[in-house]
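Comments concern the structure below.
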Amino acid sequence: MTALDDLVERARSLVRDGHRALLGIAGSPGSGKTTLAENLVALLRQAPPAGLPPQEWVAYVPMDGFHLADVELDRLGRRDRKGAPDTFDAAGYAALLARLRDDEDDVVYAPAFERDLEQPIAGSIPVARAARLIVTEGNYLLVDQGDWARVRPRLHEVWYCDLDADERVRRLVARHERFGKAHDAAVAWVLGTDQRNADLVATTRGRADLVVPATVLRAIGDPEQALID
């Protein structure tokens with residue numbers, strides 16, 4: 001049975017002969033992608049390969065930094081479905097992954113997504129030249145339509161988080177409430193916009209190199225109860 005320790009070793013094995021590797025973690029909204037990625041990165045930093053700095057040899061670069069800003073979503077008339085595939089700069093994300101894979105720059109700056117502001121923040125994540133493993137996560141890494149189709153070829157492996165629907169919905173509602181939505185509004189968003197996105201992401205499961213089972217995702221827990229502080 002796949003366990004977190006097995007995933008850590010599989011991620012480590014992607015780095016061969018010192019070449020940089022990119023690992024993607026995909027899944028529907030609320031499936032545990034972020035929690036899994038953060039735990040992997042923390043555990044990998046505890047035991048870096050010989051001669052590599054613990055905090056720099058593995059980098060975490062989420063897809064969420066490529067959300068379009070609200071002002072642009074308003075202009076496009078898409079703010080009421082923020083989080084859908086066409087509310088991200090997919091081409092920009094693919095270009096960043098290509099730059100990271102090329103491994104030619106001393107430092108690469110990636111955008112982050114500020115949850116309190118619900119906005120992307122440019123230049124927030126520095127990826128040092130020492131980084132040999134890049135962990136990225138997001139809903140649409142395995143989508144093969146439009147600019148999203150340029151993402152998968154840049155990644156050495158992609159894992160799919162397969163959390164059961166009831167737990168995924170529970171976590172999503174709790175997340176939206178934690179960031180300010182009233183309960184009824186949170187439920188409506190989760191069963192509307194989030195569910196439409198989840199249905200699309202579910203169709204990409206078969207393209208993953210590895211399916212992370214619900215047993216592992218439940219053992220890691222909710223984001224606020226992650227194994228690694």
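The values are calculated or read from the model by the stated rules, or taken from the named source; none is laboratory data. All of these numbers come straight from a predicted model, not from anything done at the bench. Using ideal geometry, Cβ is built from the backbone for each residue, glycine included, and neighbour counts are taken over all protein chains shown.
Assorted remarks:
- Pair list, Cβ < 8 Å and 6+ apart or interchain, from region 87-104 residues that are over 15 Å from Leu68 (Cβ atoms) to residues that are of a type outside the set (Lys, Arg) and modelled with pLDDT under 95: Asp103/His19
- The requirement of being at pLDDT below 90, under 26 Å from Ile134 (Cβ atoms) and acidic (Asp, Glu) is not satisfied by Asp209.
- Taking strands (runs of 3 or more DSSP E) as the structural unit, those lying wholly within region 119-167 and holding at least 1 residues that are of a type in the set (Asp, Glu), at pLDDT 95 or above and under 14 Å from the mean Cα position of the chain (by Cα) correspond to 133-138, 157-162.
- Verdict on Glu9 being closer than 24 Å to Ala98 by Cα and of a type in the set (D, E, K, R): no
- Residue count for region 130-151 satisfying the condition of being free of Cβ contacts under 8 Å to residues at least 60 places away in the same chain and in contact with a Lys or Arg (Cβ under 9 Å, 6 or more places away or on another chain): 0.
- Matching residues in region 58-89 - criterion: being part of a loop (DSSP other than H, G, I, E, B) and buried (at least 20 other Cβ atoms within 10 Å of the Cβ): Val61, Pro62, Leu68
- The residues in region 122-156 that are farther than 30 Å from Ala50 by Cα and exposed (fewer than 14 other Cβ atoms within 10 Å of the Cβ) can be counted, and the count is 5.
- Residue within region 92-108 that is surrounded by fewer than 21 Cβ atoms within 10 Å (Cβ to Cβ), more than 27 Å from Asp17 (Cβ to Cβ) and in contact with a helix residue (DSSP H, G or I) (Cβ under 8 Å, 6 or more places away or on another chain) present: yes
- A search for C-beta distances below 6 Å between a residue of region 45-71 that is under 17 Å from Trp148 (Cα atoms) and any residue that is of a type in the set (Val, Ile, Thr), counting only pairs 6+ apart in sequence or on different chains, returns Val61/Ile125; Val61/Ile134; Val61/Thr136; Leu68/Thr87.
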